[in-house]
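This report refers to the structure that appears directly beneath it.
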Amino acid sequence: MDEKMRQEIALHRWAVIAEAANMRLTSCERGSVVRQIAGRQHVHPDGTVRRYSRGTIDRWLRAWRAGGVDGLRPSPRSDTGKVRAMPELFGEAAALRLELPGRSAAQIASILYHRHGVRVAERTVSGQLRRAGLHRAALKAAPKAWGRYEAERPNERWVTDVLVGPWVPYPKRDGSARARLFLIVDDHSRLLVDGRFYDRENARLCQELLRRAVTRRGVPDVLYADNGAPFANAWLARTCAVLGIRLVHSKPYSPQGRGKQERANRYIREAFLAEATHRGIESLDQLNDWFTAWAGQVANRRVHAETGQAPIDRFQAGGPHRQADPALIREAFRWSVTRRVTRVATVPLEGNSYSVDPALVGRRVELRYEPENLAVIEVFLDGRPAGTAVPFVIGHHVHRAVAPPPAPAADPTGIDYLGMVAAAHDEQAGAGAAIDYTQLPLQPGRDEDDGDG
């Protein structure tokens with residue numbers, strides 16, 4: 001231990017006992033102060049946080065009375081130089097810490113003892129490692145720096161997300177619904193490719209927006225999404241596979257790749273939703289009309305601070321974009337499941353039963369359908385058409401995953417049933433008239449004179 005450290009330790013010890021060193025304290029009062037000091041945590045000059053026992057504090061008080069601050073300087077240890085005399089031992093301690101940065105000094109001292117039979121104090125190991133710059137705080141992983149990424153051309157990568165918006169009046173639910181904005185942004189141009197507010201959140205709505213975007217702007221190479229339910233499902237995976245789109249999901253708790261989307265969401269909240277809420281939103285359709293106009297006239301035509309171009313100009317500068325055949329688009333957005341044909345040549349789907357070609361009994365077939373219409377099912381065997389599935393018993397016409405919103409409430413008839421009942425009661429009893437209970441007929445089977453006599 002060098003002289004500077006010994007002096008710092010002496011000053012530290014004095015700071016610990018200074019409150020109890022007051023000569024005006026009685027023995028009882030000093031004992032109470034010492035107990036309070038022993039219950040606290042103290043930051044040592046080597047950076048560690050320590051607690052000191054009452055015996056240690058009393059010993060330091062006696063040393064201070066005997067020699068002042070110099071009496072608080074740590075005395076040379078009897079084992080001083082043992083680690084220095086064995087550089088290979090310290091080298092092994094350093095290697096153990098580098099091998100596993102989380103390994104404590106106590107654990108390293110234990111390993112050294114069991115390997116070499118040399119007992120080294122935990123503080124000695126900790127101090128040696130700290131002076132070598134190998135304390136655990138210094139070995140913590142440095143903050144990871146995320147490199148910036150930008151697609152090289154339009155439609156190379158689309159980023160999709162769901163933005164939870166304001167509450168909107170929704171008569172079909174006899175109240176209000178939380179609007180959710182399904183949004184697609186082109187990574188290269190920052191173009192709002194398409195966006196639409198819905199009253200719920202499911203996989204089919206994501207597909208509906210993607211179909212609109214593909215029809216308007218072409219087919220992207222990559223669709224980048226998070227791991228939410230609307231994006232992490234077999235139906236969207238099939239859609240992207242049919243259209244030749246690579247579906248990429250961001251890693252959980254990893255922000256890379258989401259920065260531009262988050263900035264777009266913040267811009268929409270500040271520049272559009274704040275204004276729409278202030279104006280007053282009357283319906284979901286009105287909100288969508290406003291957003292379509294705002295995206296086309298404002299968001300996609302402003303000069304972007306990072307690219308220096310308007311998103312629509314930067315997007316169109318890429319030339320014609322890859323288009324998909326309408327028949328391929330229709331096929332891509334159908335859902336597909338596999339079923340085994342029963343012995344009576346039927347297949348089940350969503351609680352319904354369908355008849356198929358008897359030649360398919362016992363075979364596994366693929367059913368392709370539009371989830372909004374479960375009455376039309378096409379059958380495929382080994383990728384080739386194998387007829388249609390005829391509804392045999394059908395109870396659900398729409399897939400439950402895309403169930404339509406509740407039916408609107410019936411128009412009120414204006415009939416006040418309870419009011420009529422109350423009016424009839426008042427008319428019979430006489431409105432406002434008191435009832436003379438003496439004139440009420442007696443109960444059957446009872447005499448007028450109900451006395452004991």
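Tell me which residues, restricted to region 224-255, are of a type in the set (K, R) and over 19 Å from I329 (Cα atoms).
Filtering region 224-255 down to residues of a type in the set (K, R) leaves 238, 246, 251.
K251 - this is the single residue of region 224-255 that is of a type in the set (K, R) and over 19 Å from I329 (Cα atoms).
Could you pull out the residue among R330, R363 that is more than 30 Å from R200 (Cα to Cα), of a type in the set (D, E, K, R) and free of Cβ contacts under 8 Å to residues at least 24 places away in the same chain? Steps first, please.
Details: R330 fails: more than 30 Å from R200 (Cα to Cα).
Unique residue meeting the criteria: R363.
Considering H321, H249, which residue is in the same structural domain as L183 (by TED's automatic domain parsing), at pLDDT below 90 and at negative phi?
Details: H321 fails: in the same structural domain as L183 (by TED's automatic domain parsing).
So the residue among H321, H249 that is in the same structural domain as L183 (by TED's automatic domain parsing), at pLDDT below 90 and at negative phi is H249.
Any chance you could count how many residues in region 1-20 are loosely packed, with under 15 Cβ neighbours inside 10 Å and under 18 Å from R54 (Cβ atoms)?
3
Could you tell me whether region 347-359 includes any residue that is small (G, A, S), outside any loop (DSSP other than H, G, I, E, B), without any contact (Cβ under 8 Å) to a residue 12 or more places away in the chain and within 25 Å of L205 (Cα to Cα)? Let's see the steps before the verdict.
Pass one, region 347-359, residues small (G, A, S): 351, 353, 355, 359.
Next cut, outside any loop (DSSP other than H, G, I, E, B) only: 353, 355, 359.
Going one step further and asking which of them are without any contact (Cβ under 8 Å) to a residue 12 or more places away in the chain, we end up with 359.
Going one step further and asking which of them are within 25 Å of L205 (Cα to Cα), we end up with none.
Taking every residue of region 347-359 in turn, none turns out to be small (G, A, S), outside any loop (DSSP other than H, G, I, E, B), without any contact (Cβ under 8 Å) to a residue 12 or more places away in the chain and within 25 Å of L205 (Cα to Cα).
I'd like to know if region 281-304 contains one or more residues that are hydroxyl-bearing (S, T, Y) and farther than 24 Å from F197 by Cβ. Show your work before the answer.
Taking region 281-304 and keeping what is hydroxyl-bearing (S, T, Y), we get 283, 292.
If we keep only those that are farther than 24 Å from F197 by Cβ as well, we get none.
Within region 281-304 (the criterion being hydroxyl-bearing (S, T, Y) and farther than 24 Å from F197 by Cβ), the answer is no, since none of the residues qualifies.
Hey, among the residues in region 21-47 that are part of a helix (DSSP H, G or I) and touching a Phe, Trp or Tyr at 6+ places or on another chain (Cβ under 9 Å), which one's surrounded by the fewest Cβ atoms within 10 Å (Cβ to Cβ)? Can you show your working first?
Narrowing region 21-47 to residues part of a helix (DSSP H, G or I): 27-38.
Still in the list and also touching a Phe, Trp or Tyr at 6+ places or on another chain (Cβ under 9 Å): 37-38.
Numbers: I37: 19, A38: 17.
By that ranking, first place goes to A38.
For the condition touching a helix residue (DSSP H, G or I) at 6+ places or on another chain (Cβ under 7 Å), surrounded by fewer than 16 Cβ atoms within 10 Å (Cβ to Cβ) and hydroxyl-bearing (S, T, Y), what is the one hit in T292, T307? It would help to see each step written out before you state the result.
Numbers: T292 fails: touching a helix residue (DSSP H, G or I) at 6+ places or on another chain (Cβ under 7 Å).
Criteria check complete, one pass: T307.
Return yes when T342 is surrounded by 12 or more Cβ atoms within 10 Å (Cβ to Cβ) and assigned to a loop (DSSP other than H, G, I, E, B) and no when it is not.
Values: surrounded by 12 or more Cβ atoms within 10 Å (Cβ to Cβ): yes; assigned to a loop (DSSP other than H, G, I, E, B): yes.
When the stated conditions are applied, T342 passes them.
A299 - would you say it is under 30 Å from P166 (Cα atoms), surrounded by 18 or more Cβ atoms within 10 Å (Cβ to Cβ) and out of contact with any helix residue (DSSP H, G or I) (no Cβ under 8 Å at 6 or more places or on another chain)? So that I can check it myself, show each step before the final result.
On the way: under 30 Å from P166 (Cα atoms): yes; surrounded by 18 or more Cβ atoms within 10 Å (Cβ to Cβ): yes; out of contact with any helix residue (DSSP H, G or I) (no Cβ under 8 Å at 6 or more places or on another chain): no.
Against the criterion (under 30 Å from P166 (Cα atoms), surrounded by 18 or more Cβ atoms within 10 Å (Cβ to Cβ) and out of contact with any helix residue (DSSP H, G or I) (no Cβ under 8 Å at 6 or more places or on another chain)), A299 does not qualify.
If we scan region 66-79, do we find a residue that is modelled with pLDDT of 85 or more, part of a loop (DSSP other than H, G, I, E, B), among the polar types (S, T, N, Q) and closer than 22 Å to T124 by Cα?
No, there is no match, as no residue in region 66-79 is modelled with pLDDT of 85 or more, part of a loop (DSSP other than H, G, I, E, B), among the polar types (S, T, N, Q) and closer than 22 Å to T124 by Cα.
The values are calculated or read from the model by the stated rules, or taken from the named source; none is laboratory data. Please read these numbers as outputs of a predicted model, since none were measured by experiment. Virtual Cβ from ideal backbone geometry, glycine too; neighbours counted across all protein chains shown.
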